[in-house]
Amino acid sequence: MEKPEKPKRWASAKGAAPIAPAGPSPMPAGLRELEPGSTGRGRGSLGLAAAYAAGAANAFLQRYHADLARLAERADLPAEARWFDSHCHLESILQRTWRGGGKPQVANNEPEVTLPELVALWPPGLDGCVANFVFRKESKPGFTPEWEWIARHLSHFEEGSPISSKLWFTIGLHPHNAAGWDAAAEKTVRDFAAHPKCVGLGECGLDFFKHDPSEEEVQLTAFRAQAKLAVELGKALVVHARLVTRENEIRFLRELKQLVPQNHPIHIHCFGDSLEHAKELIDHYPRLRIGFTGAITFSDPPGSKGRQKGRGKHKGNELKKGQEHCRELIQCLPLERLLIETDGPYMCPEPFRGQTAHPGHVHRVAERIAEWQNVSLGAVMAATWQSTVEVYGLTRL
């Protein structure tokens, strides 16, 4: 059951220049900063706790606004530059249903916000986001599942909402929830797909990193159904693929070719498989784009050699590679075939790693791509903006 929204008390970034479009301040009028020396309401330990919490929020927001100020000062980012976050999860961002949402660095520092308040925090160059709603089951016990959340908040995406021009969405069933695909799920997806702001099906696909290979058929059933539906409805297909081995890559590409026509728009989200596989994908599908997240800003832990743990490691699968592999992918793929995404709330880019990622952080992904490709940030923003428009058929240009 969704928790009722309650009034929020924020602390704005004290001393930081506001980074927002001309007009209202990025901080909603009802939210205020805690005055120096104030202990808030009450006395004693309760007052001190409130003061500490407000101070932590002050510091958190100050860091965020300082980063946007830094971004605005970059000489290689034209004032007219525009960009998108091509993939995020608004329900998990706002409800904090991701695994890190209850950790102290999030709970004790980040202000709780509504969707309009979140959008108000974004930098002026951010044209909006494509939010994915891909879980029929609860992401966290006691909280509204993604499908139910978008049903309750759909008005924000519709004409008449002050933030609708910043929001698009996709609908589907994630591999982690693949067992939930049935006739009722298909009807739900079809119903949402008829909405004018629904621009894609998915994310859907195959995950051999988090899941045991014995679950392959369940994942394949859901993926095949959604891929066929995307083609039928003329919607972009958003793919979640963590294939791990070369054998799986070959099988996946064969499956994709059987399901999806060559000229169909496809977003391969949060790519981490081989460069060979990435090149095969873009060579066959001219309208396919490959998305990268804040993970490309991470450094490998000492001694890890880029390796990460996954359930598949016990089944003879190769281990996921790290930063060196990400660099190779970025440097060897054409800029015009890339997308930037946060996959928020997950994988918040450095230097904010461990916090809740949201579309206001996606420029950090673009900056890393610009660094590794040795091009201007403006060039990355322009190329990825155009690719997002082309893949998703966005009409507000």
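The numbers here are math on the coordinates, done by the rules we state, and not lab data. Treat the numbers as computed from the prediction; the structure is a model and nothing was measured. Note that each Cβ is placed from the backbone with ideal geometry, even for glycine, and that neighbours are counted across all protein chains shown.
With the highest mean first, a sort of the peptides 99-107, 279-287 on other beta-carbon atoms found within 10 angstrom per residue produces 279-287, 99-107. In terms of its alpha-carbon gyration tensor, the stretch 143-263 comes out prolate; a/c meets the 1.5 threshold, and the first ratio a/b outweighs b/c. Computed from backbone phi with θ = phi - 60° and the Karplus coefficients 6.51, -1.76 and 1.60, the 3J(HN,Hα) list for the stretch 180-185 is x, 6, 7, 4, 5, 5 Hz; x is used for glycine and proline. The fraction of Cα-Cα pairs per 10 angstrom bin, counted from 0 for the stretch 81-392, comes to 6, 28, 39, 24, 3, 0 percent, rounded to whole percents.
Separation of the alpha carbons by more than 21 angstrom is noted, of 137/197; 137/210; 166/210, for 137/197; 166/210.
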